[in-house]
Amino acid sequence: GRFNSLTWSAGVNYSTGLWVLKANVGKSFRVPIPKELGADGINYHIFRYERGNAQLDPEESYQADATVLWGNDVLEVQVEPYLNYFPNYIYLNPTAQYVEGLQLYNYMQAEVLRWGLEAQFTWHFAEKFEAHAQGEYLYARQQSGEKKGYTLPFSTPWSVDTGVKYTFEHKGK
């Protein structure tokens, strides 16, 4: 088959004082890979039965994202919201069927809305100490198809990571 699409992106960066602001919008395009189109067998790496779909259309996505960063010598805060709309997202759909003793997964397409937020906070609270916290949240829902209203399979749960870092001084000769 022949596939074609117009893809584009545009962005702007602005910095003033302790602030950095960024925004991007764009459209992307992805042709289905052979496995998504023609798989019909066991995936031995994950132990599931996968079945392709020769009727898949190329996947398109419209996206917008932004970054807001504020920082000085002691604190740094960064927040990054994003939004993706897919008229025809390609995904691996788990079913209640079993083939050769393994759960059957079919490649399918659905209209999908995904949005999320990534955030990071860093605090330099002593000469060689730094504390950080970062987290992310993803909302991904099918807007069409047999599982309309359900989340996308394999979507990541929200997560938070924290830590403290001490920097040792290296005295070389």
key: Only listed residue being in contact (Cβ under 8 Å) with a residue 40 or more places away in the chain and touching a Lys or Arg at 6+ places or on another chain (Cβ under 8 Å), chosen from Tyr107, Tyr91   = Tyr107
note = Contact list, first residue from the range 124-138 and over 16 Å from Gln78 (Cα atoms), second anywhere and among the aromatic types (Phe, Trp, Tyr), beta-carbon distance below 7 Å, six or more apart or interchain, is Lys128/Tyr166; Phe129/Tyr166
query = Of the residues Leu37, Leu18, which is farther than 22 Å from Phe154 by Cα and touching a residue at least 24 places away in the same chain (Cβ under 8 Å)?
reply = Leu18
key: Lone qualifier among Val20, Val25, Val79, Val112 - being open to solvent by less than 50 Å² (accessible area, probe 1.4 Å), closer than 28 Å to Gly135 by Cβ, β-branched (Val, Ile, Thr) and under 19 Å from the mean Cα position of the chain (by Cα)   = Val112
key: Test: Glu100 is over 30 Å from Ser9 (Cβ atoms) and touching a residue at least 40 places away in the same chain (Cβ under 8 Å)   = yes
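Each row is one residue, and each column tells you yes or no for (1) touching a Pro at 6+ places or on another chain (Cβ under 8 Å); (2) surrounded by 15 or more Cβ atoms within 10 Å (Cβ to Cβ).
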site: Leu75; (1), (2): no, no
site: Leu83; (1), (2): no, yes
site: Ile90; (1), (2): yes, yes
site: Pro94; (1), (2): yes, no
site: Leu102; (1), (2): no, yes
site: Lys148; (1), (2): no, no
site: Phe154; (1), (2): no, no
site: Thr162; (1), (2): no, no
Members of the range 49-60 that are open to solvent by less than 30 Å² (accessible area, probe 1.4 Å) and assigned to a strand (DSSP E or B) = Tyr49, Glu50, Glu59
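The values are calculated or read from the model by the stated rules, or taken from the named source; none is laboratory data. Just so it is clear, the structure is predicted and the values come from calculations on it, not from any experiment. Virtual Cβ from ideal backbone geometry, glycine too; neighbours counted across all protein chains shown. Just so you know, the surface numbers come from the protein's heavy atoms only, side chains and all, with ligands and any DNA or RNA stripped out. Shrake-Rupley method; radii C 1.70, N 1.55, O 1.52, S 1.80 Å.
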